[in-house]
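Taken together, the values in this text are just the output of simple stated rules run on the coordinates, not laboratory data. In this text, all values refer to a predicted model and were calculated from it rather than measured experimentally. Every residue, glycine as well, gets a Cβ built from its backbone with ideal geometry; the counts of neighbours run over all protein chains shown.
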Amino acid sequence: MKNFLIDMDGVLVRGRTVVPGASLFVKRLQESGARFAVLTNNPLYTPGDLAHRLKIIGLDIPTENIFTSAMATARFLKAQTGAGKAFVIGETGLTSALHEAGFVLTDHDPDYVVLGETETYNFESITKAIRFVGAGARFIATNPDASGPSEHGIVPACGALAALIEKATGRAPFFIGKPNPLMMRTALNYLGVHSENTVMVGDRMDTDIVGGVQAGMDTILVLTGVTRREEVEQFPYRPTYIVNDVGEIDVMADKF
């Protein structure tokens, strides 16, 4: 039986709507006993917050089956230094993960500037981040997404603000989230599974699929999100399988 890493937006949900077949897919996973994690680059919310939001729209996924770029970032930093001081621009999803990893959040001589996402970007905080990075603080960002969706249209995301700080300091951040295979590897360790027995399911060739390929996993591209079938040929790598939606994935099938 395979284990699964599953992208959230465009695969299980679109905004506040559950993607057709998603509920059936999650039910199959739970009944089969397969290990799985819903993988998201969104660092805004804690896993508990996301589980609650998903349950409201009809998708029941336990907190322990959700893995965010904020969690991956905190685990990476803990593995690097054990503990330390960080100046953080982000919301509860990121600050909680860093606290749990043993980091002190401060604006006094931090070891790291950790950039996530927030709905209230503050010019003073951005200025502090630029000065800390310029003075030698290591620059970490949760995910490279330049923009994200909202109810009113696209909004600037972590990658856009990271570009601003990089332009001002001349120092590029280290991005943790997809497509960095580090995100996949960290999620595999979180589940306690191996890449050769795990499948990455996603809707984006340039993040989900390439990250899965680089992490040594089989990959499944679903066509309910960003990538269309005819666009696959534009990329120098290919998914192992292509399906219309996650409802077509039989988690007990040998090929998956």
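Nearest 20 debye, what's the magnitude of the dipole of region 80-175 about its Cα centre given +1 on Lys and Arg Cβ and -1 on Asp and Glu Cβ?
Value, rounded to 20: 420 debye.
Taking a temperature of 10 °C and a viscosity of 1.306 mPa s, what whole-number D in µm²/s does Stokes-Einstein yield for region 1-152 with Rh from Kirkwood over alpha carbon pairs?
95
Specify the angular offset, from 0 to 90 degrees and rounded to the nearest 10, of the alpha carbon long axis of helix 22-32 from the longest principal axis of the alpha carbons in the chain.
For helix 22-32, the angle is close to 80 degrees.
Looking at the P(r) of the chain, how many percent of alpha-carbon pairs lie beyond 25 Å?
The calculated P(r) of the chain puts 42 percent of pairs beyond 25 Å.
What list of ³J(HN,Hα) couplings, whole Hz, do you get for region 112-117 from phi and the Karplus terms 6.51, -1.76, 1.60, once you set θ to phi - 60° and write x for glycine and proline?
These are the phi-based 3J(HN,Hα) values: 10, 9, 10, 9, x, 10 Hz.
Relative contact order for the chain: what percent, with Cα pairs under 8 Å and sequence separation of 6 or more?
22
Quick one: give the max-minus-min coordinate of the C-alpha atoms of region 80-175 along each principal axis, largest first, in Å.
39, 30, 23
Just for the chain, what percent of DSSP beta bridges are antiparallel, to the closest 5?
Close to 10 percent.
Can you give the direction-averaged projected area of the convex hull of the alpha-carbon atoms in region 91-232, in nm²?
With every direction weighted equally, the projected area is 10.3 nm².
Roughly how many debye, to the nearest 20, is the charge dipole of the chain about its Cα centre, given +1 on each Lys and Arg Cβ, -1 on each Asp and Glu Cβ, and no other charges?
380
Which residues' amide hydrogens lie under 5 Å from the amide hydrogen of THR219, considering only partners 5 or more residues apart or on another chain, with H built in the peptide plane?
Amide H neighbours of THR219: MET200, THR240, TYR241.
What number of lysine-lysine pairs in the chain show an alpha-carbon separation below 23 angstrom, given a sequence spacing of 8 or more or placement on distinct chains?
9
Give the residue list of trypsin sites (Lys or Arg not before Pro) in region 201-256 that are DSSP loop and have at most 16 other beta-carbon atoms within 10 angstrom.
ARG228, LYS255
With a cap of 11 neighbouring Cβ atoms within 10 Å, and only residues DSSP puts in a loop, list the trypsin sites (Lys or Arg not before Pro) found in region 1-72.
In loop regions of region 1-72 (DSSP not H, G, I, E or B), the sparsely surrounded trypsin sites (Lys or Arg not before Pro) are ARG16.
Looking at region 3-120 only, what percent of DSSP beta bridges run antiparallel? Nearest 5 please.
10
Please report how far the C-alpha centroid of region 61-131 lies from that of region 9-59, rounded to the nearest whole angstrom.
Spelled out, the Cα-based centre of one part sits 24 Å from the other.
Please give the length that would be gained between ILE242 and LYS128 if that part of the chain were fully extended, namely 0.36 nm times their separation in residues minus their C-alpha to C-alpha distance (nm, one decimal).
Roughly 36.5 nm would be gained on extension.
Tell me, what is the FRET efficiency for GLN30 and ARG171 to the nearest 0.05, using R0 = 45 angstrom and their Cβ-Cβ distance as r?
Computed FRET efficiency for GLN30 and ARG171: 0.55.
Determine, for ILE176, ILE56, ILE89, ILE130, the number of other Cβ atoms within 10 Å of each Cβ, and report the residues in order from fewest to most.
In order of increasing Cβ crowding within 10 Å: ILE56, ILE130, ILE89, ILE176.
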